[in-house]
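To keep things clear, I will list the structure first and then write my remarks on it.
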Amino acid sequence: MEDYKIYSIGFDELQRTDIFLNKDKPFIIEINKNGVNFEFLMRIKSDSDKAIIFGSGAYDATSDLNPPIFQRHKWMKHFDETLIYFNDPTLYLGKINIGWGFGSATSYYLEEIAEILSILLEKIKIDRKKVLLYGSSAGGFMALMLGGILKGAHVLVNNPQTIVWNYYDRHVNSMFNVTMPALNRDEIIETYKHRLNVYEFYKKNEYVPDIKYIQNSASERDIVAHLNPFILSLNKLDQTFFEQNIDIMLYADEELGHTPLRVDDTVYYIKDKLNKI
C-alpha cells in the first residue's frame with residue numbers, strides 16, 4: 001500500500017473534494033464517516049465510461065498483512081476501465097478473516113460503502129449502468145448485495161456465498177463474536193438476516209440486479225449451501241423485482257474446488273460482461 005498516495009477526508013467533504021481531477025496514477029481515498037474509516041483504492045481512466053468495482057474475500061488475519069485489504073489490485077494491468085477496490089471495515093473490529101461487510105450494531109457497512117460508491121461514481125461521471133461489481137466467495141457475496149443497492153449496476157460473481165451462516169462455522173462465529181458480542185448466533189441470524197442472506201436483502205429492497213453467477217460444480221458445499229438455496233428462493237420474489245434474467249454458468253474443476261477461476265479465465269469473463277453493458 002506504500003506505493004499509493006493516500007488522501008484522508010471526512011464524509012461531509014466528499015461531495016466538494018477535487019482530488020479526483022487529473023489523476024493518472026492509482027491512489028487510496030480514506031473517508032471517515034461517523035468514526036469509521038472506509039477505504040477505496042482507485043484507478044481512474046478518463047477515456048473510459050465504464051468501471052469495475054472489486055470486493056475482497058478472505059485473508060489471513062494471523063499473517064503480517066493488515067487491513068485495508070484490496071485483493072486483486074495487481075490486476076490493474078489487465079483492464080482499461082476505471083477500477084475501484086473497497087476494503088471492508090468490519091475487519092477492523094477484531095482478528096477475523098472475513099467480514100462480509102456486516103458492520104456493527106449501529107451501522108451496516110455495506111450500505112455505507114454503497115452510499116460512498118454512489119458518490120464516487122457521480123464524481124467521476126460514470127453511470128451505474130456502466131458499472132460491473134465483481135467478487136468471488138465473500139467478495140462475491142458483497143458484490144451480490146451491493147448490486148441490490150446500486151440499482152442499474154451489473155454483477156459478476158464466482159463461487160459466492162449467498163447465505164453467510166451456511167459458510168464454515170469458525171469464520172462465521174468469529175465474525176459474529178466481534179461484531180455482536182451481546183447476542184448469540186441464532187439471535188444475530190434472526191435480527192440481521194437481511195445483512196446475511198442475499199434473498200432476504202433483495203426481498204427487503206424489492207430489487208434483483210443483473211447477475212452472471214459462475215459456479216464450480218465440483219465444489220459441492222457451494223452448490224448445496226449457497227447456489228441451490230439462492231435459486232430456490234428466487235421464485236418467492238415478485239417478478240417485478242428483477243432487473244434482468246439471472247445467468248447461471250456451471251463449470252467443473254475438481255482441482256480448484258471453491259478457489260475462484262484462474263486469472264486469465266476471470267479476466268475473460270469480466271471483459272465479456274463489460275462488452276455487453
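Ordered by packing density, taken as the mean number of other Cβ atoms within 10 Å over each peptide's residues, highest first, how do 238-245, 101-108, 84-91, 53-60 rank?
Sorting 238-245, 101-108, 84-91, 53-60 by mean packing, highest first, produces 84-91, 53-60, 101-108, 238-245.
How would the chain be classified by its alpha-carbon gyration tensor: rounded, prolate or oblate, with rounded meaning a/c under 1.5 and the a/b versus b/c comparison settling the rest? Rounded, because the longest to shortest axis ratio a/c is under 1.5.
Its Cα centre serving as origin, the chain has a Cβ charge dipole (Lys and Arg +1, Asp and Glu -1) of approximately 420 debye. Converting phi to 3J(HN,Hα) with the Karplus coefficients 6.51, -1.76 and 1.60 and the offset θ = phi - 60°, region 151-167 yields 4, x, 6, 9, 10, 10, 10, 10, 6, x, 7, 10, 10, 4, 5, 8, 7 Hz in sequence order, with x at every glycine or proline.
The modelled label-to-label distance between THR62 and TYR251, using points 7 Å beyond Cα along the C-beta direction, is 3.1 nm. Computed from the C-beta positions of ASP47 and TYR168 and an R0 of 45 Å, the FRET efficiency is 0.55 to the nearest 0.05.
When the convex hull of its Cα atoms is viewed from all sides, region 146-212 shows a mean projected area of 4.9 nm².
In whole angstrom, note down how far apart the Cα centers of region 74-102 and region 1-69 are. Cα centroid of region 74-102 versus Cα centroid of region 1-69: 9 Å apart.
Rounded to the nearest 500, the helix-only mean residue ellipticity at 222 nm of the chain stands at -8000 deg cm²/dmol, with each DSSP H run of n ≥ 4 adding -39,500 (n - 2.57).
Rounded to the nearest Hz, the phi-derived 3J(HN,Hα) couplings of region 79-90 under the Karplus curve 6.51 cos²θ - 1.76 cosθ + 1.60 (θ = phi - 60°) are 10, 9, 8, 5, 10, 10, 10, 10, 8, 9, x, 4, where x marks glycine and proline.
Amide hydrogen proximity for LEU133: with H placed 1.01 Å from N in the peptide plane, the residues at 5 or more positions away or on another chain lying under 5 Å are ILE53, HIS154, VAL155, LEU156. Phi-derived couplings, Karplus 6.51 cos²θ - 1.76 cosθ + 1.60 at θ = phi - 60°, listed residue by residue for region 176-189: 4, 5, 8, 9, 9, x, 7, 10, 8, 4, 5, 5, 5, 4 Hz, with x used for Gly and Pro.
In terms of its C-alpha gyration tensor, region 57-132 comes out oblate, because a/c is 1.5 or above while a/b does not outweigh b/c. Loop-located trypsin sites (Lys or Arg not before Pro) in region 91-133 (DSSP state not H, G, I, E or B) with no more than 11 neighbouring Cβ atoms inside 10 Å: LYS95, LYS125. In this structure the amide hydrogen of ASN32, modeled in the peptide plane, comes within under 5 Å of the amide hydrogens of ILE9, GLY10, PHE11, PHE38, none closer than 5 places in sequence on its chain.
Values quoted throughout were computed directly from the atomic coordinates according to the rules given, and no laboratory measurement underlies them. Note that the structure is predicted; figures quoted are calculated from it, not measured. We place every Cβ from the backbone using ideal geometry, glycine too, and count neighbours over all the protein chains shown.
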